[in-house]
Amino acid sequence: RCDRAEKCCEVVLNKPEDMMCDGPVYPSCTQECKARAVQLPRRLGRHPGDRRQGWTVQLPQTRYVRCRNGHGMRAKVAREMLQLMRCTGDQQCCLCEKSLTDHDAFYRCKACDEDYCLSCSRAQLGLSAAVPRGASGSALQLGPGDILLCGPDRYDIHHIVLVRGELEGAPELVDMIDVPPGAELLRCETIESTQKSSGSTTWWYPTTTIILRDSHAGTSMVVADEAPDSDTLYIFPEPVPCKVLLHPLRPEVMGIELDPDVFDEALKACAERSQKYSWNTAMHAFFAYQRSMDAEHYQTPEVRMELLSKIRASWERPPICAAVAIKVWQQYFDFLHSDSADDATLCILNCMPVWCDATTPSSMVKTLTYHGWSLCENLEA
C-alpha cells in the first residue's frame, strides 16, 4: 500500500494480496509517478549470510534520487548519435548551478523540469559527498551484477560491461601503468560483447578489467585489461572514462543480496550460448529507443507467462553490448525461480524490465534508475 503521509511504500510480503508501488510516491505525485498496484516477487536474491536460494523478507523502499517536489528522478547519459540528429541544449543543476549538456550524465525530473548533477545526487544514493582535493576515501564495493558504463565516445555511445567479480586492488601493476600520485589501480573480472574481441570458447569476451581510480580528481578510468588464460596485459592507448550502475540487491538497499552462485550459473549458461555482436540488433535498439516493459500492463499470471515466453525468445537473438547484462540478469531470475515462471517474470518486471534486443545503453540507464539501480559518476563510496 502507499502511505502518502509517510512518503514511502510499506511492503510486507506475508499474504498473497500484499501489493506495492513500483516507484516513489509523494503527496505531490503527478501522472508521471502515480501509485500503481503491482505485485512484488517474493524472492529477488537471498538474505545476507543465508545460503538458500531465495528469501522472503520485508523489503524497504529502494533508493531513488528525488526532486524538490518528491518525484522520482531518472538518470540520463548521453543519447547515442543525438548530436547528429539535432542541436543539443544546455541546462543547469538546480542545486549547485553546474552547467549540464546533453553529453553529460545527470538525474532529471521531467514533471518539474529539474536536473541534478551526479555529484549533487550522491547523498540521496547513500554515498558520501565528493572527496575534497588532496583527500582520499574508500572505493565502492563493486561485485557481480554491477555494470560499468565506459565512455561516451565521440558519437555519445557508451559501452556496457557486466561485472562478474569483486573489485580489488592491483598494486603489482603500478610498474607497468602510469599512475598519478595518490591514485590507485583496481581490477575486477568482467564480461562483455564487443566487435573486436571474444573469448576462447565464447563470442562474449570475459576479461579482467583494470581501472585507474583517482580520488583527488574524482575520476575512474579503464586503462587496461588482461585477456583470459593469458599473461598479457593490454594497455589502452587512451584511458576510457567509466561510470557505475549499481544493482539494488544489496543488504543496505533492499535488505537482501544477489545470490552469487545462481548468478554465476546464469552467466555461464548465457556465455555458452552467446552469439557474435550484431550491427542489425544495434540499429533495431536505436530505433526502438525507450521500449521497455511496464508492469501495469501485465496484471495476471496468464499475461505474464506470455511475456516470459517473449523474453526467452529475445535471448536467442544476436547481442549488442547492453544485451549481456540484460540477458544474464533476466536468466538469473529465471534460474532463481525455476519452480515458478510467474515469480521469475515478476522479478524481471521489477528489476530488469528491458528487452535485450531493443535497448541502447542510454535507454537502459534511464529505465533501470527508476527501478532501484543507482548511477554513480566514479568509484568513490
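Once both labels are modelled 7 Å past Cα along the beta-carbon direction, what's the T232-D113 spacing in nm? Each label point lies 7 Å from its Cα, and together they span 5.5 nm.
For L167, the residues whose amide H sits under 5 Å from its own are L142, ignoring neighbours fewer than 5 places away on the same chain, with H placed 1.01 Å from N.
Peptides 166-172, 212-218 ranked from most to least packed by the mean count of surrounding Cβ atoms within 10 Å: 212-218, 166-172.
The label point for Q195 and the one for K268, both projected 7 Å from the Cα toward the Cβ, are 3.3 nm apart. When all protein chains stay in place and ligands, DNA and RNA are ignored, the 1.4 Å accessible-area order of D146, D102, D113, largest first, is D113, D102, D146. Phi angles across the range 105-117 convert, under the Karplus curve 6.51 cos²θ - 1.76 cosθ + 1.60 with θ = phi - 60°, into 3J(HN,Hα) values of 9, 6, 9, 9, 10, 5, 4, 9, 6, 10, 10, 10, 5 Hz, Gly and Pro given as x.
Note on the range 179-317: the C-alpha convex hull projects to 12.2 nm² when averaged across all orientations.
Extension gain for Q275 to S338 (0.36 nm times residue separation, less C-alpha to C-alpha distance): 20.3 nm.
If the segment from F287 to C96 were pulled out straight at 0.36 nm per residue, it would be longer than the present Cα-Cα gap by 65.3 nm.
Rolled with a 1.4 Å probe across the full set of protein chains, the surface gives V324 an accessible area near 0 Å².
Backbone amide hydrogens, once placed in the peptide plane, bring D102 within less than 5 Å of G89, excluding anything fewer than 5 places away on its chain. Between the amide H of N378 and those of V244, distances stay under 5 Å, these residues lying 5 or more places away or on another chain, with hydrogens modeled in the peptide plane. Within the full protein context, the accessible area of E272 is estimated at about 150 Å² for a probe radius of 1.4 Å. Of the cross-linked pairs K276/K327; K268/K327; K243/K268; K76/K243; K243/K310; K76/K98, those separated by over 22 Å at the C-alpha level are K243/K268; K243/K310. When each of the peptides 116-123, 231-238 is scored by how many other beta carbons lie within 10 Å of its residues on average, the order from highest to lowest is 116-123, 231-238. Scalar couplings 3J(HN,Hα) for the range 221-229, obtained by applying the Karplus form with A = 6.51, B = -1.76, C = 1.60 to θ = phi - 60°, are 10, 7, 10, 6, 8, 10, 5, x, 6 Hz; x denotes Gly and Pro. Here the range 279-379 exposes an accessible surface that is 53 percent carbon and sulfur, computed with a 1.4 Å probe and the other protein chains kept in place. Approximating the spin labels as points 7 Å out from Cα along Cα→Cβ, the K310-to-M176 distance works out to 4.7 nm.
The values are calculated or read from the model by the stated rules, or taken from the named source; none is laboratory data. If you're wondering where the values come from, they're calculated on a predicted model, not measured in any experiment. Quick reminder, even Gly has a Cβ in these numbers, built from the backbone with ideal geometry, and neighbours come from all protein chains shown. All accessible areas refer to the heavy atoms of the entire protein, side chains included, with ligands and DNA or RNA removed. Shrake-Rupley method; radii C 1.70, N 1.55, O 1.52, S 1.80 Å.
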